[in-house]
Amino acid sequence: MTLETISHLVYKGTLVHGIIFTIYSLIRRKLSVANKMGVLLLFLWVVPAWILRLVVAGHFPIFGAYESALSILFFTGFVLFILSRFRKEKIFIFYPILCALMLIHAIRFDHSVWALTISERSVFVHLHAFSAYIAFGFMVAIFTNSVMILFKKEGYNLKNLLSLFFLFYSLTMILGSLYRFLLFGKSWSFDPMETMNLCSFLAFSALLHFAEIRKGDEKSVAIYAIVCSLLLVLSYRLILIFPPFSSYHIIDISLRMHILPK
Amino acid sequence: MLEKIFNFLSTLKLAIVLCVSGVVFEILLSIWGAFALPEKVAKIGKLSPFIILWTCLLLNTFFCILKRMNGYLNEARKKPLFLPSNYDLKEEFEKIPITLQKRIKKDLIVKNRFYSLGSILVHFSLILIGLSLLLSYFYRYEGKFTLGIKEESSITERSFEKFSPPFMLLSTPSFNIRNEDVVVEFWGSELLFTRYKSKVNIDGKVGTTAINSPIFLSLFSAIRLSSFGYGLHYIVIEEGKNLPVEEGVVKLNIFPPGSEDNIRLENFPHRIYVKFYPDFEQKDGRFSSKSMNLLNPRVVADVYRGKVYLGRRVVKFGEPIKVEGITLSFLNALPTSEFTYVFDPGFIFLMLSFTIGIYGLFLKLKGKRKELMVIEENGKKMVILKNWDLK
């Protein structure tokens, strides 16, 4: 059994446990249980899966549908963990279901180890990906708190989360723009990936201003925050169904792997 | 009337409406992006509805800053802005958390006073971004040229093989460049570059450029590798003569394998259409390349004299192609590098705008301006707070 096989098995194990922990949390119907399941899933499965993939691939596992799903979960988990040290909310409650959904989708894609293309071998593209994943983590925190606000649970609020998300998301766009200039000599294009993320950026900008106008109306802000979060998920993952010619983000991938599910 | 327009253009509600409109516009553009080529999508993205939207957004941003500038600058002052009259909480000193008690060294504490400056910087950076992109739109241009290994050239705008002229030509390139070395590696047998670098000498300075690593010639201009190719070294010998009548290295668009280009002989009426396979194999009558490495190179040559087709030959390096009294041989394939020269005065201002914007966001991270004042009331030491979270 090769290390690559073990890595893929651990990946599948993470998926299975994501499903099991989700079902268990739903059966127990307690936020504290769901929260604990999320933390356990992060440290017992997601982190080892990520580290194994890192060792097997020989590079940060952040490219392609299969690897990026794992990295999104890894970075999201750590963002939620750090937030849980400073905030009192049970912030891991949706983490098991997030793992399950992301990995159910991603496991259908090629898990072969491929070398990084030249355009993927850059400090800037790595920083761009890391800041995107960290921003995603804050988005999950925003989504979690927003849902809990709608369910009128005590202790949940969006304070500071929007600012933190916006900082990392802006950093993602900036690093992307910088890297695009280094790669193509242009700092912006009409690549659908960039267009969709500009769309999300504008949506969250509107949310920030909306929150400013509607101070005290947490419910309205929470609803809008949930909509923006779903838009962001689409921005990150919908690109996988776009044709290769439409986006440079896919061309590289299609050079070395099939992007359609097996 | 002007005041009404100003008030309308500087509202947060208008900002929200414009942002949401932007969301809709960008979703539509993304859908187009799934069905149309990037060039067409770019044309759609530059249509007037989009231009009007971005203009309105920038105007709204500008007027918002203008309207709130005094208030924001006021919030940055050291002296109390809210206290002592406008407070959220008044409490006895001993009843506030001990951690806060220990931090109170003076009668007045003002925290996060640069929060509002962060707002100014973030919004100001958006205007700068718009201006930078406008600068790029009017003055940016790029030109491509190809150099073989050890080839040298003096580059001006006339040297470019492909040139995308700007609206207004602000500056023209003028430099000497020599392609010292090309390093190219592929992943296994795939058309996948794992390494592609070119060492160049530009006006005496040696540097290395790659596809994602341009060499900046100035604040506004850069050169980077943009494509890879081969040049074929060929000779032509006339029947009955020993020495070549014609010899040259021709830069061709014959990469990736299967791409076709042609050579027009200078001294003869023949045109040769060539395809190049670095690691040739033939299966079911079809030609292909097992890998990108020069392991078993072959040239597939279709020879024409005018419109008359004279036949196809598949040859190794050095193998002669005899046709109508001439012998043509391909001796070698030399790697060539396509370079792109980019002049973009907007880029550096864009990066500056981004830096200002990010700094502004950092300033806003800690939260709004907080004030704390220690007063004496009826002989008791009291603390009054504004925007201070005691939890």
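An ellipsoid equivalent to segment B:34-88, defined through the eigenvalues of its Cα gyration tensor, has semi-axes of 45, 12, 8 Å when rounded to whole angstrom and sorted largest first.
Computed from the C-alpha gyration tensor, the three semi-axes of the ellipsoid equivalent to segment A:63-120 are 28, 15, 5 Å, from longest to shortest. The Rg/Rh ratio of segment A:110-205, with Rg taken over Cα atoms and Rh as the Kirkwood radius over Cα pairs, comes to 1.08.
Only DSSP H runs of four or more residues enter the estimate; each adds -39500 (n - 2.57), and after division by the residues of chain B the mean residue ellipticity at 222 nm equals -10500 deg cm²/dmol.
Give the angle, between 0 and 90 degrees and rounded to the nearest 10, that separates the Cα long axis of helix B:115-139 from the longest principal axis of the Cα atoms of chain B. Helix B:115-139 sits roughly 30 degrees off the main axis of chain B. If every alpha-carbon in the protein assembly as shown counts as one equal scatterer, what log10 I(q)/I(0) does Debye give at q = 0.06, 0.09, 0.10 1/Å? Log10 of I(q)/I(0), two decimals: -0.46, -0.91, -1.06.
Report, in cubic angstrom per residue, the convex hull volume of the C-alpha atoms of segment A:132-178. Intermediate results must be reported in sequence, preceding the final value.
Working: hull volume 2.4 nm³, N = 47.
So the per-residue Cα hull volume is 50 Å³.
Centre-to-centre, using Cα atoms only, segment B:1-44 and segment A:201-229 are separated by 18 Å.
Here's how it looks for B:Asn332: its modeled amide H is under 5 Å from those of B:His233, which are all 5 or more places away or on a different chain. Working note: 222 nm ellipticity from helices only, DSSP H runs with n ≥ 4, each -39,500 (n - 2.57), summed and divided by the residues of chain A, gives -24000 deg cm²/dmol to the nearest 500. Restricting segment B:66-171 to trypsin sites (Lys or Arg not before Pro) that sit in a DSSP loop and have at most 12 other Cβ atoms within 10 Å of their own Cβ leaves B:Arg77, B:Lys78, B:Lys105, B:Lys106, B:Lys150. Principal-axis analysis of the Cα atoms of chain B puts helix B:345-365 at an angle of about 30° to the longest axis. Derived scalar couplings between HN and Hα for segment A:96-109 equal x, 5, 4, 4, 4, 5, 5, 7, 4, 6, 6, 5, 6, 9 Hz in order, rounded to whole Hz, by the Karplus curve 6.51 cos²θ - 1.76 cosθ + 1.60 (θ = phi - 60°), x for Gly and Pro. Modelled label positions at A:Thr2 and B:Tyr309, each set 7 Å beyond Cα in the direction of Cβ, lie 4.5 nm from each other. Give the separation of the Cα centroids, segment B:228-302 to segment A:168-195, in Å. So the two Cα centres are separated by 39 Å.
Using only C-alpha positions, report the orientation-averaged shadow area of the convex hull of segment B:190-230, nm², one decimal.
Working: hull surface 14.4 nm².
For the Cα atoms of segment B:190-230, the hull's average projected area reads 3.6 nm².
The distance from the alpha carbon centre of segment B:335-369 to that of segment A:71-98 is 30 Å, rounded to a whole number.
As a length-normalised measure over Cα pairs under 8 Å and 6 or more apart, the relative contact order of segment B:4-138 settles at 31 percent.
Candidates A:Gly38, B:Gly207, A:Ser205 compared by Cα position along the dipole of the protein assembly as shown: farthest toward the positive end lies A:Gly38, with charges placed on Cβ. Which of the three applies to chain A, rounded, prolate or oblate, going by the alpha-carbon gyration tensor with a ≥ b ≥ c and a/c under 1.5 meaning rounded? Judged from the Cα gyration tensor, chain A comes out oblate (a/c at least 1.5, b/c at or above a/b).
Computed from phi, the 3J(HN,Hα) profile of segment B:161-170 under the Karplus parametrisation 6.51, -1.76, 1.60 (θ = phi - 60°) reads 6, 10, 9, 9, x, x, 5, 9, 7, 8 Hz, with x in place of Gly and Pro. A compact globular protein would have a Cα radius of gyration near 2.2 N^0.38 Å; the ratio found for segment B:1-132 is 1.59.
Quote the relative contact order of chain B in percent (integer), defining contacts as alpha-carbon pairs under 8 Å separated by 6+ residues. Don't skip to the answer; put the middle values down first.
Details: 752 pairs, mean separation 83.9, N = 391.
Computed value for chain B: 21 percent relative contact order.
When the Cα convex hull of chain B is projected onto planes of every orientation, the mean area is 32.2 nm².
Would you please report the Å³ per residue occupied by the convex hull of the alpha carbon atoms in segment B:154-259? Provide the component values of the computation, followed by the final result.
Details: hull volume 19.0 nm³, N = 106.
Here the figure is 179 Å³ per residue.
Among the GluC sites (Glu not before Pro) within segment B:89-173, those in coil by DSSP and having at most 12 neighbouring Cβ atoms inside 10 Å are B:Glu161. Checking every one of the trypsin sites (Lys or Arg not before Pro) in segment A:23-110 against DSSP loop status and a limit of 16 other Cβ atoms within 10 Å picks out A:Arg29, A:Lys30, A:Lys88, A:Arg108. Computed 3J(HN,Hα) for segment B:189-195, one whole-Hz value per residue from the Karplus formula 6.51 cos²θ - 1.76 cosθ + 1.60 where θ = phi - 60°, is 9, 8, 7, 9, 6, 9, 8, glycine and proline marked x.
Throughout, read-outs are computed from the coordinates displayed, never taken from laboratory work. Here the structure is a predicted model, which means the values were calculated and not measured. Quick reminder, even Gly has a Cβ in these numbers, built from the backbone with ideal geometry, and neighbours come from all protein chains shown.
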